[in-house]
Amino acid sequence: MQNTMKSVARLMGNLSQGALWIAGIGLVLMTMFIAAQVIWRYVFNDSLTWSEPASVMIMGWFIFLGAAVGIREGYHLSFDVLLYLLPQRGKELLHTLSDVFVGAFGGGMIFYGAQLAIKTAGNQMPSLAFPAPSTSYPSWPAACWSSSFLSSALPVAPPASIPRVSARRSRSTDLMELWILFGTFTFLLLIGTPVAFCLGVSSFATILYLGLPPVVIFQRLNSGVSVFALMAIPFFIFAGDLMVRGDIARRLVALAGSMVGHLRGGLGQVNILASVMFGGVSGSAAADASAVGGLMVPQMKARGYDVDYAVNITVVGSIIALMIPPSHNMIIYSISAGGRISIADLFTAGIIPGLLLALCLMLAAWIVARQRGYPTEAFPGLRAMGRLFVSAVPGLILIAIIFGGVRSGVFTASESSNIAVVYALLVTLLVYRTLSWEDFKEATFAAVRTTAMVLMVIGCAASFGWLLAYLKVPTAMVSLLQGVSENPLIILLLLNVVLLILGTFMDMSPLIVITTPIFLPVATAFGVDPVHFGVILILNLGIGLCTPPVGAVLFVGCAVGRIPIWQALQTIWPFYGAAVAALLLVTYVPALSLWLPSLFR
């Protein structure tokens, strides 16, 4: 029996690795197809009609295959604080219960996915000479025991021929429907179920109570990830991983050191400025904390800086990457708002708040450094700074390509992120010559894992968000807050407090897709510009990434510095204060977010 179990585990491991390779190849093919689309348009003055639908089709496959691998490897986002408080037996019981819900939802995906495939069997994919079911999305594994089981996937077709249920249908909302939706979500979240499945299972339970066709949930999930604009997320993540492994981060840190290292608490100031520069090429707080922290924290410790100071600056400074374009969280916000908000405007709107946050953090770092008597670094001279600037130019050019391409309209956000991948490959392979085959493979697999995790949440949140609209939750929230106050300043303060609290308990991506449909209508009802609110939301939830109990970036920073979380939390408060001060300024001075986008209109 034991040998049989080992054989099954080995088989599942091979299947998982095979799925990861297929997903990685899919990501590379997507990169090639969209790059070809750009080349054909600007070099040959022609268009490729098949590249976008083919890439969206491939993206669906690699999302679901990567997400399936995530069940086995355990990298899906979840709220597991409660599990730490339980004895081992209690943890095992909740893990098993969570796996049962995940497996049941997977079974539903296969069953209703097959229905969608059958009903669309005669359809043709636009611009592709294949039947819809053979070229569309795989469903989730049928059963998911996170330690050992992985199932393969069935195709799910675009639901063109499935009757749609309008979310704007006139109806009254029963409180029991809301109890089922939010109660099921909260229960599953507390027992450690991955957030994507909390959203999916709670939506499914509510649909059953409402008596609506259950296929609607999986139809919405499918359409939720069938969006070309979402392709920017895997490309930006892929580009960031390539840059981390291709020596671009080290050169940007060296340039930052030559510019601000001579200030009080020099290496702390370098850390923050490096976050500004690296954030402009990665757009990821976790990547920033890992890359910049991995370079700066050891140097700061060696120069006599306390490790808690080094870690705290790394952790809170990484929020800057969320504000400086390209921020894939800005793209998630735009999609969660129905795609009505310009990504170019969001990218532009984040620049001044990002720089303001950097200045606030540099002031806090200077004050703490002065209190502790930290040294300054010698100014290397303009000639040395020039050499370091030339060395970092290829990485800095990438910032101009990403922002300039999107802002000017030359590229879409997805095309700009694709160009970032191609450019990062060329720089690290041909200019710096630092990217090995192993680096490329690991960057590809890391991008697949992260993308699958994020986009699976977005897909399931599409069903959840549709139900929120169907049950008129945003309208009820507007009415509720109007009863509290008619003053927009008070409402913005309440929204910030609620978002700060939520940010301590859940990761950023799922919170964006959950809270945007609820709070954006509230903000706009009180006269807040959607672009301005997007900047507030991203900065607010970014602070949540640095706070316990679910502060992903806090965990990364403490892991890099090799210190316990409690040690960092004892002295991180000045940096929390600086970040909150920047948040309040951004909230109550809309021009900080809206002035720069207005110049491009």
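The values are calculated or read from the model by the stated rules, or taken from the named source; none is laboratory data. This one's a predicted model, so the numbers in the text were calculated from it and none came from an experiment. Glycine gets a Cβ as well: all are built from the backbone with ideal geometry, and neighbour counts include every protein chain shown. Only protein heavy atoms, including side chains, enter the accessible area calculation; ligands, DNA and RNA are left aside. Shrake-Rupley method; radii C 1.70, N 1.55, O 1.52, S 1.80 Å.
Of all residues in the range 379-409, those satisfying the criterion of being out of contact with any His (no Cβ under 7 Å at 6 or more places or on another chain), open to solvent by 40 Å² or more (accessible area, probe 1.4 Å) and in contact (Cβ under 8 Å) with a residue 60 or more places away in the chain are PRO380, MET385, LEU388, PHE389, LEU396, ILE399, PHE403, ARG407, GLY409.
Looking across the range 382-440, the residues that are farther than 20 Å from ILE237 by Cα, in a helix (DSSP H, G or I) and aliphatic (A, V, I, L, M) come down to LEU382, ALA384, MET385, LEU388, VAL390, ALA392, VAL393, LEU430, VAL431. In this structure, does ARG340 turn out to be surrounded by fewer than 14 Cβ atoms within 10 Å (Cβ to Cβ), under 18 Å from MET300 (Cβ atoms) and at pLDDT below 90? No: the conditions fail for ARG340. Find the residue count for the range 88-98, including only residues that are surrounded by fewer than 22 Cβ atoms within 10 Å (Cβ to Cβ) and either β-branched (Val, Ile, Thr) or under 24 Å from the mean Cα position of the chain (by Cα) (or both). Selection size over the range 88-98: 1. The set of residues from the range 436-485 being aliphatic (A, V, I, L, M), more than 22 Å from PRO517 (Cβ to Cβ) and open to solvent by 10 Å² or more (accessible area, probe 1.4 Å) comprises just one member, ALA446.
Being of a type in the set (Val, Ile, Thr) and either in contact with a Lys or Arg (Cβ under 6 Å, 6 or more places away or on another chain) or farther than 15 Å from PRO194 by Cβ (or both) is the filter here; which residues of the range 429-450 pass it? Please lay out each step first, then the result.
The first filter runs over the range 429-450 and keeps only residues of a type in the set (Val, Ile, Thr), leaving 431, 434, 444, 448, 450.
The answer is VAL431, THR434, THR444, VAL448.
State yes or no: is GLY60 open to solvent by 10 Å² or more (accessible area, probe 1.4 Å), closer than 29 Å to ALA552 by Cβ and either in contact with a Leu (Cβ under 9 Å, 6 or more places away or on another chain) or modelled with pLDDT under 85 (or both)? Answer is no for this residue. Being open to solvent by less than 40 Å² (accessible area, probe 1.4 Å), at pLDDT below 85 and outside any helix (DSSP H, G or I) is a condition met by at least one residue of the range 164-176. For the range 54-87, a residue qualifies if it is under 21 Å from the mean Cα position of the chain (by Cα), of a type outside the set (D, E, K, R) and outside any helix (DSSP H, G or I), and the qualifying residues are GLY74, TYR75, HIS76, LEU77, SER78, PHE79. Among the residues of the range 232-258, just one is open to solvent by 10 Å² or more (accessible area, probe 1.4 Å) and closer than 23 Å to GLY373 by Cβ, namely GLY257.
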